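Just below is one structure, and these are the notes that go with it.
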Amino acid sequence: MKLVSYGPAGRELPGVLLDDGQIFCLFSASHGKIPSIRALLAGGEAALDQICRWISAPDPAFLHDASALRIGPPLTNPSKIVCLGLNYRGHAEEQNKPIPEHPLLFSKATTSLAGPNDPIWHPIAEEHLDYEVELALVFGKPAFRVPAERWKEYIAGYTILNDLSARDTLRADNKWFRGKSFDTCCPMGPYLVTADEIADPQSLRLQAFVNGERRQDGNTNDLIFDLGYIVAFCTQNATFQPGDIVATGTPSGVGIHRKPPACLHIGDTVNVSIEQLGSLQNQIIARPDDAISPYPCPAT
């Protein structure tokens, strides 16, 4: 299934994107008992089985034309967005850095979320705004000290995440949180593809384009730490909840390491894609002075 959140930013409803381009509204079908994709995942296999029954013969009253609706990030209220740095061999090589001995983790604020076609607000006083296409894992049930060989039991599905990065801020702070957490720097989507639809998540092509020029072209088979190791490492001493997100790193080709650097500017369009998971296309704009992040949504 392709799970989506749709509607005005901060007030999205959960749905399923059907093959005919319509969205089946889970909020309406459940009479309000499923207010978000996170709440759906918290319902476990029973909730997913119920949805399969609903969409096998969908009630027309709960259908909407997806082309007429804004699509938001599939998870609008995760408790955590955790990312891996330097987790592709090619990305380490382009920086002339050694292969790390263990995963390098950092977090992005949940207020940094954005939808797959939303504008990205260029951070103030930042000259080097960068793109990073990443495969993101979404947890489907509480996870603590997960054995690496059982990681798939805990992952509900996969989505695309563009880990936009304010490089000047990162260098000034010598830490990652602030430069990775400005509002709108975490566009996700366009949907959460349930795990049963992806036979081999460790063999997926990832690409990033800026104004139509291909900048990144990698494959998840170049991961330094595989997905099982990542899940085991992240959950060793921290509990992950349904709807929590782990972005698994980016391949080579980011703007800051090109010669000369080729980062993002106001007016640019960045498109990131992963095979079987769709694509995101976001334009870089000046931040409206009075704009604030609508995330995380209040729905549980």
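So here's what we get for this one:
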{"item": "Residues that are hydrophobic (A, V, I, L, M, F, W, C) and either surrounded by fewer than 17 Cβ atoms within 10 Å (Cβ to Cβ) or over 12 Å from residue 139 (Cβ atoms) (or both), drawn from the stretch 231-242", "result": "232, 233, 238"}
{"item": "Qualifying positions in the stretch 177-205 - surrounded by 17 or more Cβ atoms within 10 Å (Cβ to Cβ), in contact with a helix residue (DSSP H, G or I) (Cβ under 7 Å, 6 or more places away or on another chain) and either under 14 Å from residue 277 (Cα atoms) or at pLDDT below 95 (or both)", "result": "192, 195, 201, 204"}
{"item": "Residue check for residue 27: in contact with a Cys (Cβ under 7 Å, 6 or more places away or on another chain) and either over 20 Å from residue 79 (Cβ atoms) or free of Cβ contacts under 8 Å to residues at least 60 places away in the same chain (or both)", "result": "no"}
{"item": "Residues within the stretch 34-61 that are surrounded by fewer than 16 Cβ atoms within 10 Å (Cβ to Cβ) and part of a loop (DSSP other than H, G, I, E, B), tallied", "result": "2"}
{"item": "Meets criteria (small (Gly, Ala, Ser), farther than 30 Å from residue 292 by Cβ and in the same structural domain as residue 231 (by TED's automatic domain parsing)) for residue 199", "result": "yes"}
{"item": "Qualifying residue in the stretch 70-92 (condition: free of Cβ contacts under 8 Å to residues at least 12 places away in the same chain, out of contact with any strand residue (DSSP E or B) (no Cβ under 8 Å at 6 or more places or on another chain) and either surrounded by fewer than 20 Cβ atoms within 10 Å (Cβ to Cβ) or under 18 Å from residue 161 (Cα atoms) (or both))", "result": "no"}
{"item": "Within the stretch 252-279, tally of residues that are closer than 21 Å to residue 199 by Cα, assigned to a loop (DSSP other than H, G, I, E, B) and not hydrophobic (A, V, I, L, M, F, W, C)", "result": "2"}
{"item": "So residue 64, is it at pLDDT 95 or above and either surrounded by 15 or more Cβ atoms within 10 Å (Cβ to Cβ) or touching a Pro at 6+ places or on another chain (Cβ under 7 Å) (or both)", "result": "yes"}
{"item": "Verdict on residue 149 being surrounded by fewer than 15 Cβ atoms within 10 Å (Cβ to Cβ) and over 28 Å from residue 294 (Cα atoms)", "result": "yes"}
{"item": "The stretch 132-163, subset more than 13 Å from the chain's Cα centre (by Cα) and part of a loop (DSSP other than H, G, I, E, B), residue nearest to residue 201 (Cα to Cα)", "result": "140"}
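The values are calculated or read from the model by the stated rules, or taken from the named source; none is laboratory data. Here the structure is a predicted model, which is why all the values come from computation and not from measurement. For neighbour counting, all protein chains shown are included, and Cβ atoms are generated from backbone atoms with ideal geometry for every residue, glycine included.
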